[in-house]
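So the structure is just underneath, and the comments pick up after that.
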């Protein structure tokens, strides 16, 4: 079975990583969602990709880490997308989990680069456990040290290893890491049939990002990928 993830929700229809974006993804029948987590100044988990507000509200300067949750709840991140979403704010991880159907798999990416968030792994796992989300779950990161910390705290949780650039024998790197990696998440641009076959031959699932056309999606499925991350409802709704 191919499992496709709505990348930051349905971000072509609503501001990325917001409750409206995730709700629209669920409405399209998404079987998986991908989201990013960071810590606020007072150590709350908020769902956000970039480390600063510049992409979401040009009038706000500073990093996510510089603001308390109370302040973040006052910052409009919807108007920059469309006036229809004026007043939408960054959600907490708890708020996303509260609206997420139980049968939808959640991929949480720990955004630990370039800002390091001490203790984010513990806070993340505590939250996920509180919402009974440790089973239908995948935790990924470009920060492989963060994945190691997650494994130490929760050895049974599925881990996905993200790569941005091409890497020689990604499967070998994953095996030699000492981590219980279940899936490799390569940049779609560098994903070819040889890459997919070598990873799967050595026991790893492959989920490329970010695949936004049906044509490329079908090509990757022919290569044998286990699924993709996509911004397009035409892809993640399959």
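The values are calculated or read from the model by the stated rules, or taken from the named source; none is laboratory data. Worth saying up front: this structure is predicted, and the values here are computed from it rather than measured. All Cβ positions, glycine included, derive from the backbone under ideal geometry; neighbour counts span all protein chains shown.
Only one residue in 158, 121 is within 17 Å of the chain's Cα centre (by Cα) and crowded, with 21+ Cβ neighbours inside 10 Å, so which one is that?
Numbers: 158 fails: crowded, with 21+ Cβ neighbours inside 10 Å.
Answer to the check: 121.
Which of the helices (runs of 4 or more DSSP H) found entirely inside segment 187-238 contain at least 3 residues meeting this: at pLDDT 95 or above and either surrounded by 15 or more Cβ atoms within 10 Å (Cβ to Cβ) or over 18 Å from the mean Cα position of the chain (by Cα) (or both)?
Once the helices (runs of 4 or more DSSP H) in segment 187-238 are filtered for at least 3 residues that are at pLDDT 95 or above and either surrounded by 15 or more Cβ atoms within 10 Å (Cβ to Cβ) or over 18 Å from the mean Cα position of the chain (by Cα) (or both), what remains is 193-201, 214-223.
For segment 89-112, does any single residue satisfy the condition of being surrounded by 15 or more Cβ atoms within 10 Å (Cβ to Cβ), more than 16 Å from the chain's Cα centre (by Cα) and under 24 Å from residue 52 (Cβ atoms)?
Yes, segment 89-112 has at least one match.
Condition first: assigned to a helix (DSSP H, G or I) and closer than 15 Å to residue 107 by Cβ. Now tell me which residues in segment 1-47 satisfy that.
Across segment 1-47, the qualifying residues are 21, 22, 25, 26.
On the basis of being closer than 25 Å to residue 146 by Cβ, part of a loop (DSSP other than H, G, I, E, B) and free of Cβ contacts under 8 Å to residues at least 24 places away in the same chain, does residue 50 make the cut? Lay out the reasoning, then the answer.
Working: closer than 25 Å to residue 146 by Cβ: yes; part of a loop (DSSP other than H, G, I, E, B): yes; free of Cβ contacts under 8 Å to residues at least 24 places away in the same chain: yes.
Yes; evaluated as a whole, the condition is true for this residue.
Suppose we filter segment 153-185 for residues that are in a loop (DSSP other than H, G, I, E, B), without any contact (Cβ under 8 Å) to a residue 24 or more places away in the chain and farther than 21 Å from residue 122 by Cβ; how many remain?
Of the residues in that region, 3 qualify.
Being under 16 Å from the mean Cα position of the chain (by Cα) and either surrounded by 21 or more Cβ atoms within 10 Å (Cβ to Cβ) or part of a helix (DSSP H, G or I) (or both) is the filter here; which residues of segment 128-152 pass it?
Result: 128, 138, 139, 140, 141, 144, 146, 147, 150.
Quick check on my filter: what residues within segment 143-160 are touching a strand residue (DSSP E or B) at 6+ places or on another chain (Cβ under 6 Å) and within 22 Å of residue 41 (Cα to Cα)?
Passing the criteria: 146, 150.
Here's the yes/no breakdown for (1) touching a strand residue (DSSP E or B) at 6+ places or on another chain (Cβ under 6 Å); (2) at pLDDT 95 or above; (3) assigned to a loop (DSSP other than H, G, I, E, B):
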site	(1), (2), (3)
65	no, yes, no
78	no, yes, yes
89	no, yes, yes
97	no, yes, no
102	no, yes, yes
107	yes, yes, no
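Only one of (1) farther than 26 Å from residue 11 by Cα; (2) touching a helix residue (DSSP H, G or I) at 6+ places or on another chain (Cβ under 8 Å) fails for residue 200. Which number is that?
(2)
Do we have any residue at all in segment 176-185 that's under 29 Å from residue 63 (Cβ atoms), surrounded by 13 or more Cβ atoms within 10 Å (Cβ to Cβ) and touching a strand residue (DSSP E or B) at 6+ places or on another chain (Cβ under 7 Å)?
Yes, segment 176-185 contains a residue that is under 29 Å from residue 63 (Cβ atoms), surrounded by 13 or more Cβ atoms within 10 Å (Cβ to Cβ) and touching a strand residue (DSSP E or B) at 6+ places or on another chain (Cβ under 7 Å).
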